[in-house]
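Values quoted throughout were computed directly from the atomic coordinates according to the rules given, and no laboratory measurement underlies them. For clarity, every value in this text was computed on a predicted model and none was experimentally measured. Cβ coordinates were reconstructed from backbone atoms using ideal geometry, including for glycine residues, and neighbour counts include every protein chain displayed.
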Amino acid sequence: MNVQGFTTVLVDGLAYGMLLFLFSIGLSITLGLMRFINLAHGAFAMCGGYLMVVLVGGLGMPFLLALPATFVATGLVGAVLERLLIAHVYRKLALQHVLFSIGLAFVASAIANIMFGPQQQPIPLPDWAVAKVTLLGTWTTGYRVFIMVCGTLALCLLLALFHRTLFGARVRAAVDLRGTAESIGINVTRLFALTFGLGAACAGLGGALAVGLLGLDPSFPLKYLVMTLMVVAIGGPGSILGSFIAALSLGLADGLFKYYVPAVGSFVIYALLVLTMIFMPSGLIRRAG
């Protein structure tokens, strides 16, 4: 086995895993903390991607300014949709969650197809993103390193937010004991809108970063839906650290096995899911309720 080739695949797998983490962490929050099965989560990632295309490719906004703008804008879209549509489904059956949200995903794909067409949407990357850098003894692009840094920062900030702040304590209280939380003055309605918006914003950031690595087209919400669900299931719904470990593991396994054993590459990651569900049905890290 060529060491240089192995490290190249390893770096690519890490970058892909970081994108999977950003895609999935919002779904893990809404599913594990808010008990809402949101199969339309990929639509927010697509929204972030197309916003990035418009801001950078259409309006010429600098890449590093467009990223936070996309994060905030997608979060606002998520919070508005949560209040207008999704909040009415929370108390419904799980099957209604699935049918409602998958319908939203198809609607979002159709709207994107009408507005932007079915073709891939590229964006111009800054010079530092396409420049070659050395990582783990191999050459890669600055863009992949940047994605890894963004994923790591997102992990640290989200862990601090949900486990070290009053906001996180209120979210956990509202989920586990909603009546008690409301009785002590917590505005659960507003809290859920903010939490859902944060999850959508993380997905939008992942979608914005994915344009330069994975490409973007109207099928995006459904193309990575299975991988996103696998990250949440393996990591444990509601577990930020679990989703991070699962995303990196799946990204590395997908890259390494597809490169070295392409005949069974896709089978391996599904086998990992099956084994996890058999031996750890609550995921790698179970959220205490």
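Put in order of Cβ neighbour count within 10 Å, fewest first, the listed residues D176, D254, D217 become D176, D217, D254.
On full extension, the segment bounded by I114 and S266 gains 51.5 nm, given 0.36 nm per residue less the C-alpha separation.
Backbone geometry of region 30-35 corresponds, through the Karplus equation with coefficients 6.51, -1.76 and 1.60 at θ = phi - 60°, to 3J(HN,Hα) couplings of 5, 7, x, 9, 9, 6 Hz, x marking Gly and Pro. If the segment from V80 to M277 were pulled out straight at 0.36 nm per residue, it would be longer than the present Cα-Cα gap by 67.5 nm.
The angle between the Cα long axis of helix 265-279 and the longest principal axis of the Cα atoms of the chain comes to about 30 degrees, rounded to the nearest 10. Taking the C-alpha atoms only, the angle from helix 63-84 to the longest principal axis of the chain is near 30 degrees.
Between the Cα long axis of helix 225-235 and the first principal axis of the chain there is an angle of about 70°, rounded to the nearest 10. Note on the chain: GNM, Cα springs under 10 Å; of C47, C156, C202, the largest mean-square fluctuation is that of C156.
For the pair F167 and H88 in one chain, pulling the backbone fully straight at 0.36 nm per residue adds 26.1 nm over the alpha carbon distance.
So what is the relative contact order for region 3-222, in percent, with contacts set as C-alpha pairs under 8 Å and at least six apart? Relative contact order comes out at 45 percent.
Using the beta-carbon distance between W128 and V72 and R0 = 25 Å, what value does 1/(1 + (r/R0)^6) give for FRET efficiency, to the nearest 0.05?
The value I calculate is 0.60.
Shown is the FRET efficiency for N187 and L213, computed with R0 = 51 Å from the Cβ-Cβ distance and rounded to the nearest 0.05: 0.85. For region 43-57, backbone phi angles converted through the Karplus equation (6.51, -1.76, 1.60; θ = phi - 60°) give residue-by-residue couplings of 5, 6, 5, 5, 4, x, x, 5, 4, 5, 4, 5, 5, 7, x Hz, Gly and Pro being listed as x.
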